[in-house]
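First the structure, in the form of structure tokens, and then the observations on it.
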Amino acid sequence: MSAEIQELLQSLTHTTSRLAREQGQRANFERALGERMRAIAAIREWIGQEPSAARLMGKELTRELQRNLDQGTQILLRLAMAREVMRNDRMAIDRQIQLLQGMRGLGGATRKSLSCRG
Amino acid sequence: MGTTSSTSALTPLTFTGVSQYASDFQTVIDHAVAVAQLPITQLQNEESNISSQEQLATGIQTAVANLATTVTDLGNLGTNQGISGTSSNTSLVQVDNTSMTAPGSFQISNIQSLASAASATTTNGYADATTTTVSSTGTMQLVVNGQDYTLDLTGSGQNNLNGLASAINAANAGVTASVIDTGTGSTPYYLAISADSTGETSMQLVDDPDGTDTQIALTSTTGSDASFQVNGQTVTSTTNTISNVIPGMTFTLTGTTTGNESATLTAATDPSQISTLLQTFVSQYNSLEQLLAAQIGPNAGLLTGNSIVYGVGSALQSVINYQGTGTNSVQNLADLGISVSSTGEMSFNQSTFNALTSSQIQAAFSFLGSSTSGFGATAGYLTTYSDPTNGLIAGEENEWQTDTTNMNNQITTLTAQANQMQKTLDDALESADEQISQMQSQQQELTASLQSLNYTSYGYNNTNNAINSAPVMSSSSS
């Protein structure tokens, strides 16, 4: 495998791992997202520019890309689950704010519907 | 992926696995628990309990106060020996109230006149109430029963009939002036003055009292005093309601007599006053007893265990078990026909009461005492609880008010926390939407790269298209 594509794959693997590690750290996660995007774009560009080389190392390259794809799918799944929990939290907090407003007798200020943002 | 365990809605979930995502999820779950742990349900229960307790206590307070009033009224009967006044001819005179402490009889005769209020109207009319001048100088004088009241009409728009009426009304002369519009002739407006109270009253109206001193012609009636005789003695009064002639009795003259017509006012003991109040006492006692019983026992209400319930119950016992002193033939409520059943229900036997002799009735008055002695004084046991300012129930209510204030403060704090959580969650959701969108985009790019590689290597696409099995989220999904 050429040094160039090896470096690109390492970059992709590295940023994918960072995404997995930094899921709770918004700034770091978003930085890693940007770097992963650039790594993927560079690999795709290399495949387009170096078809012969790509064909020669197709099996290994495919395995590495598939592995990153699978890891990304896991991250995406975790993101979706975490978001669903937050959405439920948001609905719960809306209901509780309504209860609090009702207890304070703020009839006019009471919201007429729940927010189901999501 | 880690594993989760949960024992209740409020038990924090704990990731015990070794997944690299565990810490992220733990943060999310901790957040959810924080939302659920806002003690709003607890506050709601407290609010409901306090409100219910206040209502129950207020009900008891009212019932105790009513009973205390009746006990005091019974004591007052002891003071005035249950004497009430009656008139033999209510078309001539009516008895309004009696606070006499001894029987008596009074003849009202020769009612020659009833008291009436004086009134006057200007003899001449005025063309207009707002533009026609009424005073040559702007200064007039009202004379009521010899008392002078200066009327200043020099202000803008005051020297007219309306201004004069206003000035008279502002003079506090015991009369009220108004402008009458007869609607006829060229001078339809007249000033009318009437005395505020009955009795003979003279009225004069003078223009320019310090100069020409011109009398304004008035058509008037001077009013009259009431004139009558009490036991042959002539009395005159400026009012028809007389309270200073017969000590302890207020009566009202309602008509004049003709010939030898007269009315007899009689003050006599009326035992039915006692029985009427005793019936009220029994009814109020049973109502209060029911309220207290509802707070005692296995099915007791929210005031169970509250000192008010037992305190009021004890006060009730002190009232109903009151024993008179001395050798009086009436020593307790039972002697008046009151009994309490085994279930605690009180009743009044009218027949027992009706069978009391005159001397026993007198003994009953002695037993009842006054508002500060005898049975009447036992009202104090009750007002200790029912007094709206210093009573023990009012004290308890004040504590509940303090609880309510504290609870409102808690609600304010919780609302602020909840609003902050709401904002944090909004930010987090927005961020999650953006991250998911980017992640999906990258997965699609990666899948495209794999497809491209497969075409290059094998001429076909055998990619295990993971993106198709990945969750697809969008910011608009819910």
Cβ pairs under 6 Å, 6+ apart, first in segment B:414-443 and at the interface with chain A (Cβ under 7 Å from one of its Cβ atoms), second assigned to a helix (DSSP H, G or I) and of a type in the set (Asp, Glu): B:425/A:89
Would you mind stating whether residue B:186 is without any contact (Cβ under 8 Å) to a residue 40 or more places away in the chain, surrounded by fewer than 16 Cβ atoms within 10 Å (Cβ to Cβ) and either assigned by TED's automatic domain parsing to the domain that holds residue B:126 or assigned to a loop (DSSP other than H, G, I, E, B) (or both)? no
Can residue B:146 be described as farther than 12 Å from residue B:193 by Cα and free of Cβ contacts under 8 Å to residues at least 24 places away in the same chain? no
Sole miss for residue B:265 among (1) crowded, with 17+ Cβ neighbours inside 10 Å; (2) not in a strand (DSSP E or B) is condition (2)
Which ranges mark the helices (runs of 4 or more DSSP H) fully within segment A:1-80 that have 2 or more residues being crowded, with 21+ Cβ neighbours inside 10 Å and at the interface with chain B (Cβ under 10 Å from one of its Cβ atoms)? A:3-21, A:26-49
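Is it true that some residue in segment A:83-91 is within 25 Å of the chain's Cα centre (by Cα), of a type in the set (A, V, I, L, M), within 7 Å of another protein chain (Cβ to nearest Cβ) and within 30 Å of residue A:4 (Cβ to Cβ)?
Checking segment A:83-91: not a single residue is within 25 Å of the chain's Cα centre (by Cα), of a type in the set (A, V, I, L, M), within 7 Å of another protein chain (Cβ to nearest Cβ) and within 30 Å of residue A:4 (Cβ to Cβ).
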Conditions (1) farther than 30 Å from residue B:136 by Cα; (2) free of Cβ contacts under 8 Å to residues at least 60 places away in the same chain; (3) in the same structural domain as residue B:153 (by TED's automatic domain parsing): number failed by residue B:199: (2)
Sort through B:136, B:99, B:105, B:113 and tell me the only one that's touching a residue at least 24 places away in the same chain (Cβ under 8 Å), hydroxyl-bearing (Ser, Thr, Tyr) and over 29 Å from residue B:88 (Cβ atoms). B:136
Could you say whether any residue in segment B:87-99 is within 28 Å of residue B:286 (Cα to Cα) and at pLDDT below 95? no
Among B:227, B:275, the single one that is of a type in the set (S, T, N, Q) and either modelled with pLDDT under 95 or over 30 Å from residue B:353 (Cβ atoms) (or both) is B:227
Residues of segment B:69-90 that turn out to be more than 15 Å from residue B:336 (Cβ to Cβ) and either hydroxyl-bearing (Ser, Thr, Tyr) or assigned to a helix (DSSP H, G or I) (or both), as a count: 10
Working only within segment B:240-293, note down all residues that are under 30 Å from residue B:336 (Cα atoms) and either without any contact (Cβ under 8 Å) to a residue 40 or more places away in the chain or in contact with a His (Cβ under 9 Å, 6 or more places away or on another chain) (or both). B:272, B:276, B:283, B:290
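So, in segment A:1-50, how many residues would count as being among the basic types (Lys, Arg) and more than 17 Å from residue A:69 (Cα to Cα)?
Adding up the residues that qualify gives 2.
The values are calculated or read from the model by the stated rules, or taken from the named source; none is laboratory data. Just so it is clear, the structure is predicted and the values come from calculations on it, not from any experiment. Don't worry about glycine lacking a Cβ; one is built from the backbone with ideal geometry, like all the others, and counts go over all protein chains shown.
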